[in-house]
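Asks: Let me begin by handing over the structure; questions about it come next.
The values are calculated or read from the model by the stated rules, or taken from the named source; none is laboratory data. Since the structure is predicted, the reported quantities are computational estimates derived from the model, not experimental observations. Cβ: placed from backbone, ideal geometry, glycine included. Neighbour counts: every protein chain shown. To get the accessible areas, we keep the full protein, side chains included, count just its heavy atoms, and leave off ligands, DNA and RNA. Shrake-Rupley method; radii C 1.70, N 1.55, O 1.52, S 1.80 Å.
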Amino acid sequence: MNLKELVLKTRTCRRFDETHQISLETLENLVDLARLSASGGNRQPLKYILSNKPEECEKIFSYLAWAAYFKEWSGPDKGERPSAYIIMLGDKSISDNFGVDHGIAAQSILLGATNEGLGGCIIGSIKREELCDDLKIPDRYEVLFILALGKPVENVIIEKIKDDDVKYWRDDKGNHHVPKRNLEDLILK
Ligand SMILES: Cc1cc2nc3c(=O)[nH]c(=O)nc-3n(C[C@H](O)[C@H](O)[C@H](O)COP(=O)(O)O)c2cc1C
């Protein structure tokens, strides 16, 4: 895969083969890509919690919100849930401002996941207080994103945007369609 193919393939995926195990080593290798990514002031304030155990994954799942545009869908069913998570934390003892570090790190991780035949979703909509209580995450850390990871069973198709409508949709075969703005509309002349 060249870089463009990798970026094209790195789509948000929300349905997985839950039987597919992801090793801790794989998760560590993904975090290593984040470690090597850019960081404002090179402060590197991000820390990570790795989870690949079914009981812990089930707990984490209960604090996440999926696909805001799908009002009728409360997230993947059992059997299609992520088999691993990376919780991205900001270490407040290093910095009180994490800038865009977590966005850059998240994309590095997702690109790495695609490269390993995996897929994932950046989750920003998190019941943070409940999650921190349940997982006993110390106050020193701010939960920034959670990356949900697994072996994709969802086919994602990029569409040309129509009528400025950014909402993604699912067709009757279960394919997920995601509209993207046109290049010529992004570059100001
Ligand atoms: C900062 C950020 C937060 C996101 N939070 C959520 C979320 O809470 N739940 C979810 O299902 N998807 C979430 N997403 C995924 C977006 O919906 C997805 O990136 C968008 O639909 C475009 O699809 P694509 O990633 O395939 O290009 C988030 C993405 C980003 C970048």
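Asks: At least 1 residues that are within 13 Å of the ligand (Cβ to nearest atom) in each: list the helices (runs of 4 or more DSSP H) lying fully within region 97-189 that qualify.
Replies: Passing ranges, in order: 101-115, 128-135.
A quick yes/no check of all residues on (1) of a type outside the set (Val, Ile, Thr); (2) assigned to a helix (DSSP H, G or I); (3) closer than 18 Å to Arg170 by Cβ:
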site	(1), (2), (3)
Met1	yes, no, no
Gly41	yes, yes, no
Lys47	yes, no, no
Lys71	yes, no, yes
Gly75	yes, no, yes
Lys78	yes, no, no
Tyr85	yes, no, no
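Asks: Then there's this: Restricting attention to region 66-99, report how many residues are of a type outside the set (Lys, Arg), under 17 Å from Ile22 (Cα atoms) and in contact with a Phe, Trp or Tyr (Cβ under 7 Å, 6 or more places away or on another chain).
Replies: Residues meeting the conditions: 5.
Asks: Cβ contacts < 8 Å: first residue among the hydrophobic types (A, V, I, L, M, F, W, C), restricted to region 72-90; second residue in a loop (DSSP other than H, G, I, E, B), any location; separation 6+ or different chain. Result?
Replies: Within 8 Å, the pairs are Trp73/Trp66; Trp73/Ala67; Ala84/Ile22; Ala84/Asn52; Ile87/Ile137; Leu89/Ile137.
Asks: Mind checking which residues of region 65-84 are in contact with a strand residue (DSSP E or B) (Cβ under 7 Å, 6 or more places away or on another chain) and more than 13 Å from the ligand (Cβ to nearest atom)?
Replies: Matches in region 65-84: Glu80, Ser83, Ala84.
Asks: Determine, yes or no, whether Gly112 is open to solvent by 20 Å² or more (accessible area, probe 1.4 Å), out of contact with any strand residue (DSSP E or B) (no Cβ under 7 Å at 6 or more places or on another chain) and within 30 Å of Glu5 (Cβ to Cβ).
Replies: Criteria not met by Gly112.
Asks: Provide a single number: the residues in region 131-167 that are closer than 21 Å to Pro76 by Cα and either polar (S, T, N, Q) or open to solvent by 40 Å² or more (accessible area, probe 1.4 Å) (or both).
Replies: 8
Asks: Just one of (1) open to solvent by less than 70 Å² (accessible area, probe 1.4 Å); (2) touching a Ser or Thr at 6+ places or on another chain (Cβ under 7 Å); (3) under 25 Å from Asp171 (Cβ atoms) trips up Ala67, so point out which.
Replies: For Ala67, the exception is condition (2).
Asks: Quick one: in region 24-64, of everything that is more than 17 Å from the chain's Cα centre (by Cα) and open to solvent by less than 50 Å² (accessible area, probe 1.4 Å), which residue is farthest from Arg14 (Cα to Cα)?
Replies: Filtering region 24-64 for residues that are more than 17 Å from the chain's Cα centre (by Cα) and open to solvent by less than 50 Å² (accessible area, probe 1.4 Å), the one farthest from Arg14 (Cα to Cα) comes out as Gly40.
Asks: If His177 passes every condition in (1) open to solvent by less than 40 Å² (accessible area, probe 1.4 Å); (2) closer than 29 Å to Arg35 by Cα but one, which one does it miss?
Replies: Condition not satisfied by His177: (2).
Asks: Taking only pairs six or more apart or across chains, which ones have beta-carbon atoms under 9 Å, a first residue in region 102-116 that is without any contact (Cβ under 8 Å) to a residue 60 or more places away in the chain and on the phi > 0 side of the Ramachandran plot, and a second residue that is open to solvent by 30 Å² or more (accessible area, probe 1.4 Å) and within 11 Å of the ligand (Cβ to nearest atom)?
Replies: Filtered contacts from region 102-116: no entries.
Asks: Here is a follow-up. Does Leu183 satisfy the criteria of being free of Cβ contacts under 8 Å to residues at least 12 places away in the same chain and either within 25 Å of Ser95 (Cβ to Cβ) or aliphatic (A, V, I, L, M) (or both)?
Replies: The answer is yes for Leu183.
Asks: Given the structure, is Gln44 within 16 Å of the ligand (Cβ to nearest atom) and touching a residue at least 24 places away in the same chain (Cβ under 8 Å)?
Replies: Judged against the criteria, Gln44 is not a match.
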